[in-house]
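Asker: Provided herewith is a single structure, encoded as structure tokens, for subsequent inquiry.
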Amino acid sequence: MVKRTSYHHGALRDELIAACLRLIETEGIAAVSLRRVAREAGVSTGAPYHHFADRAALLATLSTKGFELLAAELTAARDATTGSPLDTLGALAGAYVRFSREQPGYFRLMFRPELSQPEKHPDTIVAGDAAFAILADAIGDCVAAGLLPADKADILGITWWGIGHGLASLWLDGQLEKRAVQLGTTAPELVEDVMRTVSTLLAPGS
């Protein structure tokens with residue numbers, strides 16, 4: 001690989017992030033080291049240290065960006081929904097699953113705190129909390145509309161997140177598509193059906 005001898009300061013940081021993401025998507029998180037990322041970016045092995053103190057700092061930066069991208073996707077899905085608050089919850093789950101498919105490198109890293117060490121990088125925690133707050137607010141809207149029980153709002157937020165995350169992980173691992181074929185449907189349609197079923201079961205009086 002021909003090494004780049006110069007980058008604009010900001011461009012180098014962006015290229016290192018992009019190179020790290022490529023490595024995660026093609027070879028897995030275990031392949032990431034600052035030396036390997038530098039090689040992937042075509043720069044000297046010392047170049048990453050101008051921006052990242054260590055591997056964890058680089059991974060935390062990617063994790064933070066991943067949560068920010070997820071929050072943007074969730075916000076867009078919420079704003080595009082014109083139905084009931086429960087419809088919004090379904091749209092959020094669908095957006096969460098789509099994000100995992102479209103951004104697998106980010107998704108696989110965002111929930112590996114032992115690697116990104118968010119306790120040392122508060123921006124990551126803030127970004128993760130902001131993404132979750134979109135779901136929590138949607139749950140609150142359902143409670144306000146009398147569609148979900150108020151005393152279970154926090155638990156339902158975790159429940160919804162758990163279901164969405166589980167579906168996303170199953171899809172990434174190829175299991176959701178396998179089951180969808182067996183059921184005579186597609187993975188996206190199966191996700192929608194699952195979330196509609198959960199909405200019905202959780203709503204009062206169901």
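Asker: Going by what's in this entry, would GLU119 be described as modelled with pLDDT of 95 or more, touching a helix residue (DSSP H, G or I) at 6+ places or on another chain (Cβ under 9 Å) and either in a helix (DSSP H, G or I) or buried (at least 20 other Cβ atoms within 10 Å of the Cβ) (or both)? If you could, list the steps in order and put the result at the bottom.
Answerer: Working: modelled with pLDDT of 95 or more: no; touching a helix residue (DSSP H, G or I) at 6+ places or on another chain (Cβ under 9 Å): yes; either in a helix (DSSP H, G or I) or buried (at least 20 other Cβ atoms within 10 Å of the Cβ) (or both): yes.
No.
Asker: Please state which one of THR45, THR61 is out of contact with any Lys or Arg (no Cβ under 6 Å at 6 or more places or on another chain) and not small (Gly, Ala, Ser). Before the answer, list the steps.
Answerer: Details: THR45 fails: out of contact with any Lys or Arg (no Cβ under 6 Å at 6 or more places or on another chain).
Within the list THR45, THR61, the selection yields THR61.
Asker: Same structure, new question: Any idea how many residues of the stretch 82-92 are farther than 21 Å from VAL126 by Cβ, open to solvent by less than 40 Å² (accessible area, probe 1.4 Å) and either free of Cβ contacts under 8 Å to residues at least 12 places away in the same chain or out of contact with any Ser or Thr (no Cβ under 7 Å at 6 or more places or on another chain) (or both)? Even if it seems obvious, please write down each step before you answer.
Answerer: Going residue by residue through the stretch 82-92, those that are farther than 21 Å from VAL126 by Cβ are 82-91.
Now narrow it down to the ones that are open to solvent by less than 40 Å² (accessible area, probe 1.4 Å): 85-86, 88-91.
Narrowing further to those that are either free of Cβ contacts under 8 Å to residues at least 12 places away in the same chain or out of contact with any Ser or Thr (no Cβ under 7 Å at 6 or more places or on another chain) (or both): 85.
Going through the stretch 82-92 one residue at a time, the tally reaches 1.
Asker: Name the single residue that is farthest from the chain's Cα centre (by Cα) among those in the stretch 185-200 being hydroxyl-bearing (Ser, Thr, Tyr) and in a helix (DSSP H, G or I). Outline the logic, then answer.
Answerer: Of the residues in the stretch 185-200, the ones hydroxyl-bearing (Ser, Thr, Tyr) are 185-186, 197, 199-200.
Cutting the leftovers down to in a helix (DSSP H, G or I) gives us 197, 199-200.
On the way: THR197: 23, SER199: 22, THR200: 26 Å.
Checked the stretch 185-200; the qualifying residue farthest from the chain's Cα centre (by Cα) is THR200.
Asker: Another question, if that's okay. Would you mind finding the one in ALA57, ALA71, ALA77 that is without any contact (Cβ under 8 Å) to a residue 40 or more places away in the chain, assigned to a helix (DSSP H, G or I) and of a type outside the set (D, E, K, R)? Give the derivation first.
Answerer: Values: ALA57 fails: without any contact (Cβ under 8 Å) to a residue 40 or more places away in the chain; ALA71 fails: without any contact (Cβ under 8 Å) to a residue 40 or more places away in the chain.
Criteria check complete, one pass: ALA77.
Asker: Which condition number does GLY46 fail, the rest of (1) open to solvent by 30 Å² or more (accessible area, probe 1.4 Å); (2) touching a residue at least 24 places away in the same chain (Cβ under 8 Å) being met?
Answerer: Going through (1) open to solvent by 30 Å² or more (accessible area, probe 1.4 Å); (2) touching a residue at least 24 places away in the same chain (Cβ under 8 Å) one by one, GLY46 breaks only (2).
Asker: Something else now. Let me spell it out: the conditions are (1) in contact with a helix residue (DSSP H, G or I) (Cβ under 8 Å, 6 or more places away or on another chain); (2) modelled with pLDDT under 95, and GLU73 meets all of them except one. Which number is the exception?
Answerer: (2)
Asker: If you check every pair at least six apart or on different chains, which have Cβ atoms under 7 Å apart with a residue in the stretch 117-139 that is within 19 Å of GLU73 (Cβ to Cβ) first and a residue that is surrounded by fewer than 17 Cβ atoms within 10 Å (Cβ to Cβ) and at pLDDT below 95 second?
Answerer: Within 7 Å, the pairs are ILE139/ALA153.
Asker: Looking at ALA168, ALA131, ALA150, can you tell me which residue is aliphatic (A, V, I, L, M) and open to solvent by 40 Å² or more (accessible area, probe 1.4 Å)?
Answerer: Working: ALA168 fails: open to solvent by 40 Å² or more (accessible area, probe 1.4 Å); ALA131 fails: open to solvent by 40 Å² or more (accessible area, probe 1.4 Å).
When all the criteria are applied, what remains is ALA150.
Asker: Another question, if that's okay. Can you tell me how many residues within the stretch 154-184 are more than 22 Å from the chain's Cα centre (by Cα) and in a helix (DSSP H, G or I)?
Answerer: First, pick out the residues of the stretch 154-184 that are more than 22 Å from the chain's Cα centre (by Cα): 178-184.
Narrowing the set further to residues that are in a helix (DSSP H, G or I) leaves 178-182.
Selection size over the stretch 154-184: 5.
Asker: For the stretch 11-32, indicate whether the set of residues that are farther than 21 Å from ARG101 by Cα, without any contact (Cβ under 8 Å) to a residue 12 or more places away in the chain, in a helix (DSSP H, G or I) and of a type outside the set (Asp, Glu) is non-empty.
Answerer: Yes, that holds for at least one residue.
Asker: Let me ask something else. Select from the stretch 171-193 the residues that are aliphatic (A, V, I, L, M) and touching a residue at least 60 places away in the same chain (Cβ under 8 Å) and write down the one among them that is surrounded by the most Cβ atoms within 10 Å (Cβ to Cβ). Can you show your working first?
Answerer: Taking the stretch 171-193 and keeping what is aliphatic (A, V, I, L, M), we get 172, 176, 180-181, 183, 187, 190-191.
Next, from what is left, pick out any that are touching a residue at least 60 places away in the same chain (Cβ under 8 Å): 172, 191.
Values: LEU172: 15, VAL191: 25.
Here the residue is VAL191.
Asker: What's the total number of residues in the stretch 140-160 that are under 30 Å from THR185 (Cα atoms), hydrophobic (A, V, I, L, M, F, W, C) and touching a residue at least 40 places away in the same chain (Cβ under 8 Å)?
Answerer: Here is the first cut: in the stretch 140-160, the residues under 30 Å from THR185 (Cα atoms) are 142, 147-148, 156-160.
Now narrow it down to the ones that are hydrophobic (A, V, I, L, M, F, W, C): 142, 147-148, 156, 158, 160.
Next, from what is left, pick out any that are touching a residue at least 40 places away in the same chain (Cβ under 8 Å): 142, 147-148, 156, 160.
Number of matching residues: 5.
Asker: Which one is farthest from SER33 (Cα to Cα), of the residues in the stretch 95-112 that are in contact with an Asp or Glu (Cβ under 8 Å, 6 or more places away or on another chain) and surrounded by fewer than 18 Cβ atoms within 10 Å (Cβ to Cβ)?
Answerer: It comes out as ARG98.
Asker: Taking the stretch 132-153 as the region of interest, how many residues are in a helix (DSSP H, G or I) and within 23 Å of ARG196 (Cβ to Cβ)? Explain how you work it out, then say what you get.
Answerer: Of all residues in the stretch 132-153, those in a helix (DSSP H, G or I) come to 132-144, 150-153.
Now narrow it down to the ones that are within 23 Å of ARG196 (Cβ to Cβ): 132, 134-144, 150, 152-153.
The total comes to 15.
The values are calculated or read from the model by the stated rules, or taken from the named source; none is laboratory data. Note that the structure is predicted; figures quoted are calculated from it, not measured. Every residue, glycine among them, receives a Cβ derived from its backbone with ideal geometry; neighbour counts consider all protein chains shown. For the accessible areas, the whole protein counts, side chains as well, though only heavy atoms, and no ligand, DNA or RNA atoms are used. Shrake-Rupley method; radii C 1.70, N 1.55, O 1.52, S 1.80 Å.
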